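Step one of this worksheet: look at the structure below.
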Amino acid sequence: RTVILGKPDEKQKRIYTLVLQAHIRLARQIFPEGTNGASLDSITRSGLWNAGLDYGHGTGHGVGAFLNVHEGPQRISPVAHDVALQAGMVISNEPGYYENNWGGIRLENLYLVKKADKFPQHPGGKGWLCFEELTLIPFDRTLIDKNLLSAEELNWLYDYHGRVFSEISPMLDNTEDFQWLTWACGID
């Protein structure tokens with residue numbers, strides 16, 4: 001997760017927000033069973049491409065047990081492969097941007113692939129899949145330009161930060177930590 005020390009400039013805020021939009025785009029995506037990661041990779045990168053930006057790594061990879069972080073066969077990458085995402089798989093969502101002599105941004109969460117229950121029947125009889133957040137860490141509010149976010153993206157961000165707060169705050173018994181989480185999640 002990228003955070004900033006100090007005050008961000010406009011370029012940092014713009015690029016962070018574009019990367020956040022890519023993250024949200026994938027996190028919100030509902031897709032039919034049988035979809036592989038290359039299809040989802042293009043959807044995720046589309047906003048960055050429209051801004052003339054890209055990143056040189058895959059958007060996501062499978063995550064295994066016992067610290068086997070890059071575990072297949074699933075991945076979200078521009079490289080075509082035949083493995084479809086399936087309910088029960090854990091995968092990362094980590095779009096980014098890197099520029100020589102400037103720095104980089106990567107916003108990574110882990111997600112569980114699950115069935116999208118409240119969705120109409122697919123015309124081809126397939127089921128629908130979606131993602132559920134496993135990582136509960138707030139995004140850096142000081143780097144987000146809310147003017148660039150759509151209403152749907154803002155709602156997703158508020159819902160995500162609300163979930164982070166509701167699940168993490170009961171575990172904090174230190175007033176300073178609780179106050180930081182309250183601020184970081186925008187709970188005023």
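Laboratory data are not the source of any read-out in this text; all were calculated from the coordinates shown. Since we're looking at a predicted model, the values are computed, not measured. Using ideal geometry, Cβ is built from the backbone for each residue, glycine included, and neighbour counts are taken over all protein chains shown.
Put a dot 7 Å past the Cα of E167, heading toward its Cβ, do the same for W102, and the two dots end up 3.3 nm apart.
As a calculated quantity, the FRET efficiency between A87 and A65 at R0 = 22 Å, using C-beta atoms, amounts to about 0.80. Candidate cross-link partners of K115 among the aspartates and glutamates, defined by an alpha-carbon separation under 15 Å and a same-chain spacing of 8 or more, comprise E33, E132, E133. Using 0.36 nm per residue and subtracting the Cα-Cα separation, the extra length available between A80 and K115 on full extension is 10.3 nm. One decimal place: the segment R28-A151 gains 43.0 nm when fully extended, by the rule 0.36 nm per residue minus the C-alpha distance. Sequentially through the stretch 15-25, phi angles give Karplus couplings (6.51, -1.76, 1.60; θ = phi - 60°) of 6, 4, 5, 5, 5, 4, 4, 4, 4, 5, 4 Hz, Gly and Pro residues having no value and appearing as x. What you get for the stretch 10-146, charging only the Cβ of Lys and Arg (+1) and of Asp and Glu (-1), is a dipole of about 360 debye around the Cα centre.
3J(HN,Hα) couplings calculated from phi for the stretch 129-142 with the Karplus curve 6.51 cos²θ - 1.76 cosθ + 1.60 (θ = phi - 60°) are, in sequence order, 10, 8, 10, 10, 5, 9, 8, 10, 9, x, 7, 5, 4, 6 Hz; Gly and Pro show x.
Full extension of the segment from I187 to N50, taken as 0.36 nm per residue of separation minus the current Cα-Cα distance, would add 46.1 nm.
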